[in-house]
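One structure is given below, encoded as structure tokens.
The values are calculated or read from the model by the stated rules, or taken from the named source; none is laboratory data. These numbers come from a predicted model, not from an experiment. Neighbour counts are summed over all protein chains in view; Cβ atoms, including those assigned to glycine, are modelled from backbone coordinates with ideal geometry.
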Amino acid sequence: MPNVRLKYNNTSGVVPTGLVAGELAINNADGILYIGGTSGNTIKILGTAARQAANSVSITGGSIQNTTVGATSPGTVSASNLQIAGGQTVSGISTAATLGTSNAALVTSDAVYSYINSHAATLKNIITFTANGTYTKSGSDVRQIRVIVVGGGGGGRGYGESGGAGGFSEQWIDATGITSVSVTIGTGGAGGNYYGFSPAGGTTSFGAYCSATGGSGANNNQDHTGGQGGLGSGGNLNFHGGGGVGHHNCHSSSHHNPGMGGASYFGGAQPGTHYTSPTNAPSDTTYTNGGAPGAGGTGSNFYWNGAGYYDYGFRGKDGICIVYEYR
């Protein structure tokens, strides 16, 4: 085996000749190192990429800047074949593109902020429940929900006493972990005649998140008084419903003025009657028109036909649950 010897040259462009196998030579001006080959040839082994000799680097397969190795012309750039720093415009991709489309997009920071500002807290759906059911989130894009629940109204009574309105609760909920929630709607309390008391309205609830109790029925809290309003709980906002009207003094020898039911978050009760006769005495089921969800039942007047009293309070209005979905 020959001894390793080092030669050098200070003239740019000079390639050493006559090197024996294993003998090293360096061109100081070019910064290139050479070695003698076993066949008496000279091999350049170190230098900048631009100064490498032809065929001195072998690459098998693959591509360089989107051009297949061995090809004689650059490859075609497409939307599915992105060339980075290739100096070419790729079809379908633009720095001015907006987010949310089916095409890929390289976007500027301004485009990102614009998308966030235009879509954040955007109302997507309003879902209303007037009967028991299940809320199911409409999509993974729903980030928050605003829930409002109102309890059922208490029943009215004869002689003018009316029921209290259902309570109110409102809550904002992070919906990212929600799939479905059980919803219960409080029914309105039944009405009744002059004697006795009417039942309270039922509780409306949105799972365990928030709920609102129903208003009290007439005469429940004390004889001849209107029902007290229900109360919300669990929400960011929780309020009482409006109270009912108490016993009325006689307007004449034949009838009393009706007492309007307590007003709920959504408005007042159904209208009352001026006076009734034996043939059209109001009932719990036949006179329920009008009135807002959760309002207390209106207390009726009474009518004396010489044989008995015809007096009846009206049924309270059922509660409600409203879900607002936000992206």
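Here is a check on your reading of the model: is R146 in the same structural domain as G290 (by TED's automatic domain parsing) and under 17 Å from A212 (Cα atoms)?
On the way: in the same structural domain as G290 (by TED's automatic domain parsing): yes; under 17 Å from A212 (Cα atoms): yes.
For R146, the condition - in the same structural domain as G290 (by TED's automatic domain parsing) and under 17 Å from A212 (Cα atoms) - is met.
Suppose the filter is over 21 Å from G316 (Cα atoms), assigned by TED's automatic domain parsing to the domain that holds I145 and modelled with pLDDT of 85 or more; does L231 pass it? Can you show your working first?
Working: over 21 Å from G316 (Cα atoms): no; assigned by TED's automatic domain parsing to the domain that holds I145: yes; modelled with pLDDT of 85 or more: yes.
For L231, the condition - over 21 Å from G316 (Cα atoms), assigned by TED's automatic domain parsing to the domain that holds I145 and modelled with pLDDT of 85 or more - is not met.
Please go through region 148-175 and pick out each residue that is surrounded by 24 or more Cβ atoms within 10 Å (Cβ to Cβ) and within 11 Å of V323 (Cβ to Cβ).
Going through region 148-175, the residues surrounded by 24 or more Cβ atoms within 10 Å (Cβ to Cβ) turn out to be 149-169.
Result: V149, single match.
Considering region 176-202 alone, what residues qualify as being within 31 Å of the chain's Cα centre (by Cα) and surrounded by 20 or more Cβ atoms within 10 Å (Cβ to Cβ)?
Scanning region 176-202 gives V181, V183, I185, G186, T187, G188, G201, G202.
Please find, within region 120-170, the residue that is farthest from the chain's Cα centre (by Cα) out of those that are closer than 30 Å to G243 by Cβ and among the polar types (S, T, N, Q).
S162
Scan region 157-186 for residues that are in a strand (DSSP E or B) and modelled with pLDDT of 95 or more and report the count.
Initially, region 157-186 is screened for residues in a strand (DSSP E or B), giving 157, 168-174, 180-184.
Narrowing the set further to residues that are modelled with pLDDT of 95 or more leaves 168-174, 180-184.
Of the residues in region 157-186, 12 are in a strand (DSSP E or B) and modelled with pLDDT of 95 or more.
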